[in-house]
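What follows is one structure encoded as structure tokens, with my remarks underneath.
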Amino acid sequence: MNRITDCFSGLRRQGKKALIPFITAGDPQPSATLPLMQALVKGGADLLELGVPFSDPMADGPVIQRSSERALRHGTSLGDVLDIVAEFRRKNGTTPVILMGYINPVEVMGYEKFARRAHAAGVDGVLVVDLPPEEADALQAELKRHDLYQIFLLSPTTRGERLVQINAKASGFLYYVSLKGVTGSNRLNLAEVAEKIAQVRTKTSLPVGVGFGIKDADTARAVAGFSDAVIVGSSLVERLEQLGQAPLEQLTRAAEDFLSGLRSAVDAA
């Protein structure tokens, strides 16, 4: 069974909600990614979402765009990201790792080679932002052959037959984008999101995670009250950006402390 399913099943038995932090691989320093992943787990992460740097991250706001630019300047490639996950697996065999990125680097590597290498490295799921379900069959076939889940995004405008179509292709969990716009936006209407999640649940048995617009403990606590997972990215990446070239110990401590605060809030929901 995939680690993502195991994780959500275990949390459900405990009456807990998942906390999923996002960082971009290779940012703010290539050598920081593995220690940051370990620090986030220590701070209370249930799953890790690792961004694959890309030159045109169209779904991301300025904070994560800049993190991709920094990682690319460091020369971080998709192959490097897979190597980092493999190194992470040497000490952690349980925390699910999801790669989030865009289709171009995967196409350059090749679907079969990517799926094979991702599985060997210990990746559990893949979220390709710019690959809609009707164009996903070729990649999905390779992911399934290598026991990898394909996670899809839902937006505030996803409804009806479109929701059914996405649910039929998705595995692991559904990632609900809580607002219209890019990552890092701040126009989150909690009542509207809660209503939408209730509608989504009538069409799926998969867990539903909520991301975009979650900036602090109060928002995380509120979102945990009606979702299965709280996904936080821009606010964490921005903290790392502000620390810049600080010593590694300072970076990891900041990440762990920030996530620990969110963990407490999610558990209090």
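The values are calculated or read from the model by the stated rules, or taken from the named source; none is laboratory data. Fair warning: this is a prediction, and the values are worked out from it, not measured in the lab. Don't worry about glycine lacking a Cβ; one is built from the backbone with ideal geometry, like all the others, and counts go over all protein chains shown.
One table, with the values for the structure above:
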item	result
Options LYS215, LYS180, LYS196: the member that is at pLDDT below 95, within 25 Å of PRO57 (Cβ to Cβ) and not in a loop (DSSP other than H, G, I, E, B)	LYS196
Meets criteria (outside any loop (DSSP other than H, G, I, E, B), in contact with a helix residue (DSSP H, G or I) (Cβ under 7 Å, 6 or more places away or on another chain) and either under 22 Å from MET1 (Cα atoms) or among the charged types (D, E, K, R) (or both)) for GLN140	yes
Whichever residue in segment 1-39 is in a loop (DSSP other than H, G, I, E, B) and touching a helix residue (DSSP H, G or I) at 6+ places or on another chain (Cβ under 8 Å) and, among such residues, is surrounded by the most Cβ atoms within 10 Å (Cβ to Cβ)	ALA25
Residue within segment 4-14 that is of a type in the set (A, V, I, L, M) and under 22 Å from TYR149 (Cβ atoms) present	yes
Exclusive hit being within 29 Å of ALA269 (Cα to Cα), hydrophobic (A, V, I, L, M, F, W, C) and in contact (Cβ under 8 Å) with a residue 24 or more places away in the chain, set ALA25, ALA39	ALA39
Hits in segment 46-79 (condition: crowded, with 20+ Cβ neighbours inside 10 Å and not in a helix (DSSP H, G or I))	ASP46, LEU47, LEU48, GLU49, LEU50, GLY51, VAL52, PRO53, PHE54, PRO57, ASP60, THR76
Pairs with Cβ under 8 Å, 6+ apart, first in segment 110-123 and of a type in the set (Lys, Arg), second surrounded by fewer than 17 Cβ atoms within 10 Å (Cβ to Cβ) and part of a loop (DSSP other than H, G, I, E, B)	ARG116/HIS146
Residues that are in a loop (DSSP other than H, G, I, E, B) and either over 18 Å from PRO96 (Cα atoms) or under 15 Å from the mean Cα position of the chain (by Cα) (or both), drawn from segment 112-137	VAL123, ASP124, VAL129, ASP130, LEU131, PRO132, ALA136
Filter pass, LEU188 being in contact with a Leu (Cβ under 9 Å, 6 or more places away or on another chain) and either part of a loop (DSSP other than H, G, I, E, B) or acidic (Asp, Glu) (or both)	yes
